[in-house]
Structures are given as structure tokens and as C-alpha cells.
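The values are calculated or read from the model by the stated rules, or taken from the named source; none is laboratory data. Since we're looking at a predicted model, the values are computed, not measured. Here Cβ is always computed from backbone atoms with ideal geometry, including for glycine, and neighbour counts include all displayed protein chains. Accessible surface areas use protein heavy atoms only, side chains included; no ligands, DNA or RNA. Shrake-Rupley method; radii C 1.70, N 1.55, O 1.52, S 1.80 Å.
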Amino acid sequence: MVVLGIESTAHTASVGIVGEDAKVLSLASDFYLPPTGGIHPREAANHHVEVLPSLVGKALEAANVRPNEVDAVAFAQGPGLGPCLRAGATVARMLSLAWNRPLVPVNHCVAHVEIARVLSGLDDPLLLYASGGNTQVIAYARGRYRVLGETLDIGVGNFLDKFWLGLGGTFPGGPAIEAEALRGTELLDLPFSVHGMDVAFSGMLTAALALHAKGAKRPDLAYSVEVTAYSMLTEITERALAHRGKEAVVLGGGVACNGRLREMVRVMAESRGGATFAPPKSLCVDNGAMIAWTGHLAFHAGVTTSVEGSAVQPRQRTDLVPTPWRKD
Ligand code: ATP
Ligand code: FE2
């Protein structure tokens, strides 16, 4: 079975084609980069409308798959920015109707989790999903993914991006901060905001920008922001492991590209006798292949939608969607 998946929740327009056993046959992506500042939803959506048709063509060609060999069309239904989601959903509906193939709705957060889980080979790990808009510690229980802990304000990636913009940088902040942090030597004092298994980042954002205004060195600031933010994530992950009696941790989402975060979680999990895994970077960031793979799982479990019932859901939380392909 071959599934074509469309991702368009925020900056990234992407089409992935995935075969059995999560074999990624092709992945074609194009990123909307705002000229200045943060993302403008309408402009990002216009970008996606412009590039998605040719990304579909590129993905089919690269996978050497003809339209009549595609068995289902999956799309990210939510969460995300309404105009961006609608751009991807419109293309998915059109392909589903034109090719006469089932349309499969996919939750974007669950897709980050499922691609990381299948590549890890671990059946039932704890999941740390760290991206721009979302930061959640997740475990499966009784029919859906449960959010054990999460950010109380902004996602860790949005925090990094805003911090970097405040220093005069451009989007995305995460990779640039990672490079800058490698040259940092002094750990500056920043608020460490862990509440049970939840975290918050806005206090640290204010404090880090205040230190910048006072002339703190950029490498030290970048280093301190990374160490503090990733210590917070490592701590809530450890708390969740202890509570759930689980050992293995799988990382997903764009911030899981980060070498320091991967290493900190690895050291923590190994000290508890557990394993960790993070997907290759191209499958940590937003991508159509994760939508296609989750579409596979959902379709096999009988999840499809009519065009009429396929409205996008900008606020669709991880723990709102049933995952009938997972067994207790
Ligand atoms: P979601 O809807 O899942 O929140 P998203 O729109 O934020 O997704 P992703 O591609 O999952 O998109 O994540 C993008 C985020 O990942 C950005 O905030 C970016 O700064 C961050 N990021 C990417 N690479 C790195 C890195 N090496 N270190 C830290 N952060 C990174
Ligand atoms: Fe994402």
C-alpha cells in the first residue's frame, strides 16, 4: 500500500510518499520564510497554495509512483494555522476526488510521534514531542495518546525563535542558537520553570532578552538558554518515565534536531537503564512523510473522511484524536 501525505500546518509545505513498513519513497518540501519577524498565516497559506501542486508532481516523480498507484491521500487536519491547514486540505481533497482514492485525516502531533516511534523500533516508548508550537510529554493509554506534561505558555521552538529574533536574528532560531551555543562558556542565571510535569518559557524569554540588553555575550546567552530549556525538558521527561514505569524515550518535532537536547535526554534515560531514539532531522521537522505514514496506520484501522466531513481543526489537540491502530 502506498500513501501520499500532505503537510501544511505552519511554515512548511511538504508532500511525502510512503510505502509499507514506513519506507519513505519520496519527500518534497518547500518552506515559507517571512521576510521579517514571525509568520503571517495568510502569506504562508499563499505560499503553500503556490508550491503544493508542483511538490505533488515532484514527490510522485521521485518515488517513481503513478497517481493510480497511490492507495490513499492523507493530510494534516490540525493543529495549526487555519489558512495554512486549508491550503493543504484543499489540495488533498482535490487529489482524493480526482484519483478516486480515500481521504485520511491525520493529527499533526500524532504524526510527529508515529514517525519517530516506527523508526525507533520501540513498541511503547514515552515520547518527548518538542517543536515550534508544541512541547509535550506523551504516552499511549486506552485508545489515544495522553499528554502527561506540556508547556503552559509557548512551545520551546517558538521560545527559541522569539529569543533569536530579539537578538536580531532570523527564523528559524533553533539551529542558529545551536551553532552559537557551541562557543558559549559561561552559564548565566535564567528562570528554570518546571511545574510538576509542565514547563513554561515566557519568563525565561523576558530574562534572556533583558540580559542581552545589558550586554551579555551572545554565545553565553545561547548556551545558557539551551542548557536551561533542555534541562527543563529532560526533567519533565524523567518525571514522566518514573511515574509511568517506562524506560525508553523517543524524541520528535523540530527541536528534536538539537544535538544537546538529544544528548541530555540520552544521558538521563541511560542512567535509568533505558534507551533513546530520535529520527533523522528531515523527519523531525514538519514533513509530508510523517503524515503519509500516520495515514497508513489510520487507514488500516478504518479511519477515512468524506470531503464534507474533512474541515480543518486548527486546535485539534494530541489527546483529542482516537488512535485505533494502537492496542492496549
Ligand atoms: P508544530 O506544529 O509541531 O509545533 P512546527 O510548525 O513548529 O510544528 P517543526 O518543523 O516541527 O514545526 O519545528 C520547527 C521548530 O524547530 C522551530 O522552532 C525551529 O527553531 C526548531 N528547530 C529546528 N532545528 C533545531 C535545532 N537544531 N535546535 C533547536 N531547535 C530547532
Ligand atoms: Fe510540527
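Looking only at segment 255-263, decide whether some residue is more than 19 Å from residue 112 (Cβ to Cβ) and of a type in the set (A, V, I, L, M).
no
Kindly check whether there is at least one residue in segment 170-193 that is touching a residue at least 40 places away in the same chain (Cβ under 8 Å), more than 15 Å from ligand 1 (Cβ to nearest atom) and within 26 Å of the chain's Cα centre (by Cα).
Checked segment 170-193: at least one residue is touching a residue at least 40 places away in the same chain (Cβ under 8 Å), more than 15 Å from ligand 1 (Cβ to nearest atom) and within 26 Å of the chain's Cα centre (by Cα).
Considering only segment 125-142, I want to know if a residue exists there that is assigned to a loop (DSSP other than H, G, I, E, B), away from ligand 1 (no atom under 13 Å from the Cβ), modelled with pLDDT of 95 or more and open to solvent by 10 Å² or more (accessible area, probe 1.4 Å).
Yes, because at least one residue in segment 125-142 is assigned to a loop (DSSP other than H, G, I, E, B), away from ligand 1 (no atom under 13 Å from the Cβ), modelled with pLDDT of 95 or more and open to solvent by 10 Å² or more (accessible area, probe 1.4 Å).
Answer with yes or no whether residue 250 is open to solvent by less than 20 Å² (accessible area, probe 1.4 Å) and either of a type in the set (Phe, Trp, Tyr) or not in a helix (DSSP H, G or I) (or both).
yes
For segment 213-230, does any single residue satisfy the condition of being more than 15 Å from residue 177 (Cβ to Cβ), part of a helix (DSSP H, G or I) and open to solvent by less than 30 Å² (accessible area, probe 1.4 Å)?
no
Scan segment 300-328 residue by residue and report those that are of a type in the set (A, V, I, L, M, F, W, C) and surrounded by 19 or more Cβ atoms within 10 Å (Cβ to Cβ).
Matches in segment 300-328: 303, 312, 321.
Got at least one residue in segment 181-204 being part of a helix (DSSP H, G or I), of a type outside the set (Gly, Ala, Ser) and open to solvent by 40 Å² or more (accessible area, probe 1.4 Å)?
No, there is no match, as no residue in segment 181-204 is part of a helix (DSSP H, G or I), of a type outside the set (Gly, Ala, Ser) and open to solvent by 40 Å² or more (accessible area, probe 1.4 Å).
Testing residue 97 on (1) over 15 Å from residue 16 (Cα atoms); (2) in contact with a helix residue (DSSP H, G or I) (Cβ under 7 Å, 6 or more places away or on another chain), one condition comes back false. Which one is that?
Exception for residue 97: condition (2).
Within the set of pairs 6+ apart or on separate chains, which have a first residue in segment 124-153 that is under 27 Å from residue 38 (Cβ atoms), a second that is of a type in the set (Ser, Thr, Tyr) and away from ligand 1 (no atom under 12 Å from the Cβ), and C-beta atoms under 6 Å apart?
Every condition considered, the pairs that remain are 128/237; 137/237; 138/145; 153/202.
Tell me, yes or no, whether segment 212-232 has at least one residue that is of a type in the set (A, V, I, L, M, F, W, C) and closer than 17 Å to residue 118 by Cβ.
no
Restricting to segment 22-35, name every residue that is more than 15 Å from ligand 2 (Cβ to nearest atom) and in contact (Cβ under 8 Å) with a residue 12 or more places away in the chain.
Hits for segment 22-35 are 22, 24, 25, 26, 28, 30, 33, 34.
Among the residues of segment 6-52, which ones are over 18 Å from residue 81 (Cβ atoms) and open to solvent by less than 50 Å² (accessible area, probe 1.4 Å)?
15, 16, 17, 18, 19, 22, 26, 28
Regarding residue 279, is this residue touching a residue at least 12 places away in the same chain (Cβ under 8 Å) and in a helix (DSSP H, G or I)?
no
Kindly indicate the residue of segment 283-293 that is open to solvent by 10 Å² or more (accessible area, probe 1.4 Å) and within 11 Å of the chain's Cα centre (by Cα) and also farthest from ligand 2 (Cβ to nearest atom) among those meeting that condition.
283
What single numbered condition from (1) at pLDDT below 95; (2) in a loop (DSSP other than H, G, I, E, B); (3) not hydroxyl-bearing (Ser, Thr, Tyr) fails to hold for residue 311?
Going through (1) at pLDDT below 95; (2) in a loop (DSSP other than H, G, I, E, B); (3) not hydroxyl-bearing (Ser, Thr, Tyr) one by one, residue 311 breaks only (1).
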